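Below is one structure; the comments refer to it alone.
The values are calculated or read from the model by the stated rules, or taken from the named source; none is laboratory data. Remember, predicted model here, so these are calculated numbers, not experimental data. Positions of Cβ are backbone-derived with ideal geometry, glycine not excepted, and every protein chain shown enters the neighbour counts.
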Amino acid sequence: MNKKVVIIGSGFSSLSASCYLAKAGFQVSLYEKNGSLGGRCGQLVREGFTFDMGPSWYWMPDIFDKFFADFGKKRADYYSLDKLSPAYKIFFSDDVVTIGDTMDKIGAEFERIEKGSAAHLIKFIARARENYDIAINKVVLRPGISPFELVTPETLLRMDRFFKTISGQVRRKFKNPKLVSILEFPVLFLGARPKNTPSFYSFMNYADFGLGTWHPKGGMYEIVRALKKLAQELGVQIRTNSPIDKIRVEKGRAVGIASKGHNIDADVVLSGADYHHSETLLDIKHRQYSEAYWEGRTFAPSSLLFYVGFDKKLGNIEHHNLFFDTDFDRHTREIYDEPRWPKDPLFYANFPSVTDASMAPQGFETGFFLVPIAPDLDDTPELRCRYFDIVLKRFEERTGEPVRNNIIFKESFCVNDFVRDYNSYKGNAYGMANTLLQTAFLRPKLKSKKVKNLYFTGQLTVPGPGVPPSLISGKLVSELIAKTFRS
Ligand SMILES: Cc1cc2nc3c(=O)[nH]c(=O)nc-3n(C[C@H](O)[C@H](O)[C@H](O)COP(=O)(O)OP(=O)(O)OC[C@H]3O[C@@H](n4cnc5c(N)ncnc54)[C@H](O)[C@@H]3O)c2cc1C
């Protein structure tokens, strides 16, 4: 075909698109502003500790496997995967709940907390599985062009699942607040609060309990390495340290990009950088969405992250740990309704070296702590310090494990870093939330409505936030591009 595509950014969606487009016969060059690939899935290696800087939950292994299969490859050709057992642990103020790696174990834990809940759970997960099959095999693979994409024989029979909320569905059958929080937790990955998320998204609960939580040996960055290798095997040219400052348009058609004053010509321009930022690379008349449009969207949270190296092994923790020991509703209000630094934050702590010795020096522990916060909050060294104290104090209280004097490495990452490193709109971490009014055809489009041969991909467009959706986004946009050039 010999048509030239330039891709801006090297997040999962860009890397995925680069592979599909190269396979379809395009000449593909990818330009990343930073020195390393992977976007929000960065890696920090310091003093023998290896930190995944962004994603750490490997869910929906089937989607990764399908991705590699599309290229006649196996995921195992690139990295090895372990199913975590237990999947994760949740610290409440009066209890610690362990989520096992089988439905039987999880059912037993539910039954311990609320009599009769195991039977409800089996039905809930059966429905979630049905939603998963429909979502993953039908709905998610459509490019978000028309509302009719959501109309399939399967969805028509289940329209109520788009108008009822996950929160309502959970609360109808489960009364114990801990079980409610556990079942509402997976949709937080979609960036929205459970009471605004359609119950159809319970497919995330099937991903959680039905498919399990996995860990790529060496950490999540192994997926980035795998995609880079595959892209290079397919002939993709990759350039790092190449910030793009302009998408060039002539006579209503994208004709290339400019980086550091140099023009690079192309037949197609595809941007996988944050959608808002990508549009700022265009003259105003070529932008599809106004600042008022972006202001009016519900964005997924930003995060305050601490990457910490400990000089000992820690007790009473698992690979993934959620600290739901404060008021869940108040924290979500402080993210979505009255954006401010949370008074008593919920947080997440990840210790990959518990199951993967390659992530820390022998006898040491690699940890990262994540506090979800509203985007665009003031981000100062003092606030980071204050929250580190809050998190460590609660961590020590809940786990009974003193750690304060065992820290030999610490770095933080927050709103200002998201903006500086990824050109993220208001420092969001996970893009635009998947609420009912921001789902499928209601999300920013893959194909520009104003400029020919200009396309977008990534977590702000379809299907939405998360590593598996970003891989799918790259596939969907490549199919649109290939279709245009075939016809
Ligand atoms: C802290 C955190 C935790 C997360 N946890 C999980 C998890 O556990 N599981 C999960 O599935 N997902 C998780 N996610 C979400 C997941 O990481 C993202 O949805 C996904 O990585 C987004 O990929 P993307 O392709 O949209 O692009 P991004 O990763 O945003 O990449 C965009 C790229 O474009 C580059 N760029 C920007 N502007 C320019 C420019 N002008 N020129 C050149 N390059 C440019 C950026 O540097 C970046 O490399 C998490 C995200 C974060 C931040």
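Filtering segment 409-434 to residues that are in a loop (DSSP other than H, G, I, E, B) and either surrounded by fewer than 22 Cβ atoms within 10 Å (Cβ to Cβ) or at pLDDT 95 or above (or both) leaves Cys414, Asn423, Ser424, Asn428, Ala429. Residues that are crowded, with 16+ Cβ neighbours inside 10 Å, out of contact with any Phe, Trp or Tyr (no Cβ under 7 Å at 6 or more places or on another chain) and part of a helix (DSSP H, G or I) within segment 228-240 comprise Lys228, Ala231, listed in sequence order. Residues that are of a type in the set (Asp, Glu), free of Cβ contacts under 8 Å to residues at least 40 places away in the same chain and surrounded by fewer than 20 Cβ atoms within 10 Å (Cβ to Cβ) occur in segment 241-257; there is at least one. For residues that are within 11 Å of Asn316 (Cα to Cα), part of a helix (DSSP H, G or I) and not acidic (Asp, Glu), tally how many sit in segment 385-405. Matching residues across segment 385-405 total 3. If only residues of segment 1-19 that are buried (at least 24 other Cβ atoms within 10 Å of the Cβ) and more than 7 Å from the ligand (Cβ to nearest atom) are counted, the one that is farthest from the chain's Cα centre (by Cα) is Val5. Quick one: would you say Glu47 is near the ligand (Cβ under 9 Å from one of its atoms) and closer than 22 Å to Gly219 by Cα? Taking the combined requirement at face value, the residue does not satisfy it. Contact map, segment 290-302: residues that are in a loop (DSSP other than H, G, I, E, B) paired with residues that are of a type in the set (S, T, N, Q) and surrounded by 11 or more Cβ atoms within 10 Å (Cβ to Cβ), Cβ distance under 6 Å, separation 6+ or inter-chain. Pairs shown: Thr298/Thr435; Ala300/Asn428.
In the set (1) loosely packed, with under 15 Cβ neighbours inside 10 Å; (2) farther than 19 Å from Val187 by Cβ; (3) charged (D, E, K, R), the condition left unmet by Lys313 is number (1).
Do we have Arg248 as under 24 Å from the mean Cα position of the chain (by Cα), more than 9 Å from the ligand (Cβ to nearest atom) and not in a helix (DSSP H, G or I) here? In short, no.
Close contacts from segment 400-426, counting a first residue that is of a type in the set (D, E, K, R) and a second that is within 16 Å of the ligand (Cβ to nearest atom) and at pLDDT below 95, with Cβ to Cβ under 8 Å and a gap of 6+ residues or different chains, come to Lys426/Phe299. Filtered by the rule that a residue be surrounded by fewer than 21 Cβ atoms within 10 Å (Cβ to Cβ) and either among the polar types (S, T, N, Q) or more than 14 Å from Glu222 (Cβ to Cβ) (or both), segment 60-70 gives Asp62, Ile63, Asp65, Lys66, Ala69, Asp70. In this structure, is Arg158 closer than 27 Å to Lys475 by Cβ and either polar (S, T, N, Q) or outside any helix (DSSP H, G or I) (or both)? So Arg158 passes the test.
Gly367 meets the stated requirement of being within 16 Å of the ligand (Cβ to nearest atom), in contact (Cβ under 8 Å) with a residue 12 or more places away in the chain and either surrounded by fewer than 18 Cβ atoms within 10 Å (Cβ to Cβ) or more than 16 Å from Arg340 (Cα to Cα) (or both). The one condition from (1) under 24 Å from Lys475 (Cβ atoms); (2) in a helix (DSSP H, G or I); (3) of a type in the set (A, V, I, L, M, F, W, C); (4) not assigned by TED's automatic domain parsing to the domain that holds Leu437 that Phe185 does not meet is (1). Within segment 30-59, being surrounded by fewer than 18 Cβ atoms within 10 Å (Cβ to Cβ) and within 20 Å of Asp274 (Cα to Cα) holds for Asn34, Gly35, Ser36.
When each of Gly72, Gly38 is tested for being more than 8 Å from the ligand (Cβ to nearest atom), at positive phi and either in contact (Cβ under 8 Å) with a residue 60 or more places away in the chain or part of a loop (DSSP other than H, G, I, E, B) (or both), the lone residue that passes is Gly72. Anything in segment 276-289 that is free of Cβ contacts under 8 Å to residues at least 60 places away in the same chain and polar (S, T, N, Q)? List them, or say none. The one that is free of Cβ contacts under 8 Å to residues at least 60 places away in the same chain and polar (S, T, N, Q): Thr280.
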